[in-house]
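The structure under discussion appears below in the form of structure tokens.
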Amino acid sequence: MNKKDIANIRKQFKLDNYNLQIREIFNVYVQKESGEIYHQVSQPFPMLEQETQELFLANFKKVLTGQLDAKLFELKFMRDVEDSTQMFLYEGLQQETTEDWKEYMLEIVVKMFAKTVYEFDTVVTFIRGEYRKPTRKRNAESEEGGDDQVYSNGFILCSLNKTDVPKKALMFDYIEKEYKSYNVFDPIINLDSPLSGFLFPALNDNAADVNRILYCAGKANQPDFKFMEEVLNCEEIITAQEDKDCFDFILKEVIGDEVDSRVISNVYEEIDKLVQENQENEESEIPTLDSRDIERILTVSGVENVETAKVEHALKAIVDDEKHEFKASNLVPKTIKIETKVANLSINPKDLKYVKYITFQGKRCLLLEIDEDVVVEGFRLEESETY
């Protein structure tokens, strides 16, 4: 799934929406330390109170929120796994009765807590529904399109949430006109920050891919590899940060420790061109870079004497798979931070070429080329020819 696919389905999580209909919800309350199921309940989602529906819908949106390869990961199921989660999800999606669907979901819950112990009670929430997307936009003149023809895919979404113990508080009683201690012992389900979650199946080019699943990590660049392997039974992945770190290592090996700001700026600009062209053409496949692509980009960016053998050697030294391809979208930082004792700067990668590190009158200086006046606290700085 690309970020456009994810954004399209995420924005459909709203009340009374024809394009996304949630048939039923299944909540499983699991006790801490023991991992035993304390309570389970399923019911038609439309039967919930509106306020409760809104709380859950906000939670489901969070499961689908985040940067790809940082917080959201499209995973591929491993083959030939006994009692695989892929099978439980696929079979669960096909079941006509709620009881049969629940049995498959409970199998997944058992796997979640088989080897993992939490210090707090948790709630596992499953929903089963249908996602519809018009094949084309409605034409205002002919009134064709829109909901006349739609892509339709069934799905299961899961959210794992912790529970919080309410804190003691002081309340004011309007009737008695006095202050009282407020003690509530019922645990609160934290729907704001899912510990993890997933969407099955993955949706690519408006079609369901039952061999893949979209996994949501609790924190960016901190996926639970144990959960992905032992619970979801999926293959290993590389996070966006790991991809970026590996790429930076290759750059240092080929370019060296010191580099002209224009060169590194050109490298990021060349990679960003690939990303932008991909988005403009609305291609579903994310552009990738292999060793030959890296060699070409470094050469056109101004790096001298780029040797094929050196690039390949650097790649083999940091990545086990010599045919590894880097996702272009993972390699360009949103901002580049320059930290000094005097000031900290945040610069767009493409503007790094306007920053120079120079020695002026025996002093090290950071030169920032600009084309406008500088205003500080409402004052326009006076221009000076000398230091």
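The values are calculated or read from the model by the stated rules, or taken from the named source; none is laboratory data. These numbers were taken from a predicted model, which means no experiment stands behind them. Positions of Cβ are backbone-derived with ideal geometry, glycine not excepted, and every protein chain shown enters the neighbour counts. When the accessible area is computed, the model is the full protein with side chains, heavy atoms only, and any ligands, DNA or RNA have been set aside. Shrake-Rupley method; radii C 1.70, N 1.55, O 1.52, S 1.80 Å.
Step by step: find N for region 126-248, compute 2.2 N^0.38 Å, then divide the Cα radius of gyration by it. What's the final number?
Numbers: Rg = 23.0 Å, N = 123, 2.2 N^0.38 = 13.7 Å.
Normalised Cα radius of gyration, region 126-248: 1.68.
Rounded to the nearest percent, how much of the accessible area of region 221-368 (1.4 Å probe, protein heavy atoms only) is carbon and sulfur? Kindly include the intermediate steps, with their values, before the conclusion.
Values: 4220 of 9550 Å².
Carbon and sulfur: 44 percent of the exposed surface of region 221-368.
Calculate, for the chain, the solvent-accessible area per residue in square angstrom, rolling a 1.4 angstrom probe over the heavy atoms of the protein chains.
It amounts to 63 Å² per residue over the chain.
Using a 7 Å offset from the Cα along the Cα-to-Cβ direction at both residue 180 and residue 79, what is the distance between the two label points in nm, to one decimal?
Going by the 7 Å Cα→Cβ label model, 6.6 nm.
Around residue 82, under 13 Å between beta carbons, what's the net of Lys plus Arg minus Asp minus Glu among the other residues? Show your work: numbers first, answer last.
Numbers: positive: 79, 111; negative: 80, 83, 107, 230.
Once positives and negatives cancel, what remains is -2.
Rounded to whole Å and ordered largest first, report the semi-axes of the equivalent ellipsoid of region 28-156 derived from its Cα gyration tensor (root of 5λ). Don't skip to the end; give the middle numbers.
Working: eigenvalues 208, 72, 56 Å².
For region 28-156, the semi-axes come out at 32, 19, 17 Å.
Computed on alpha carbon atoms, what radius of gyration and Dmax characterise the chain, expressed in Å?
Over the chain's Cα set, Rg and Dmax evaluate to 26.5, 84 Å.
Roughly to the nearest percent, how much of the accessible area of region 71-196 is carbon and sulfur, given a 1.4 Å probe? Let's see the in-between values first.
Values: 3720 of 7920 Å².
Result for region 71-196: 47 percent of the exposed heavy-atom area is carbon or sulfur.
Between residue 133 and residue 272, how high is the FRET efficiency from 1/(1 + (r/R0)^6) when r is the Cβ-Cβ distance and R₀ = 35 Å? Nearest 0.05. Before the final figure, lay out each step's value.
Numbers: r = 29 Å, r/R0 = 0.83.
That gives a FRET efficiency of 0.75.
If I stretch the segment between residue 325 and residue 116 completely, what's the gain in nm (0.36 nm per residue apart, minus their alpha carbon distance), one decimal? Could you put the intermediate results ahead of the total?
Numbers: separation 209, 0.36 × 209 = 75.24 nm, distance 3.32 nm.
Separation in residues times 0.36 nm, less the Cα-Cα distance, equals 71.9 nm.
Please compute the modelled spin-label separation between residue 285 and residue 31, points set 7 Å along Cα→Cβ, answer in nm with one decimal.
The two pseudo-label positions are separated by 5.3 nm.
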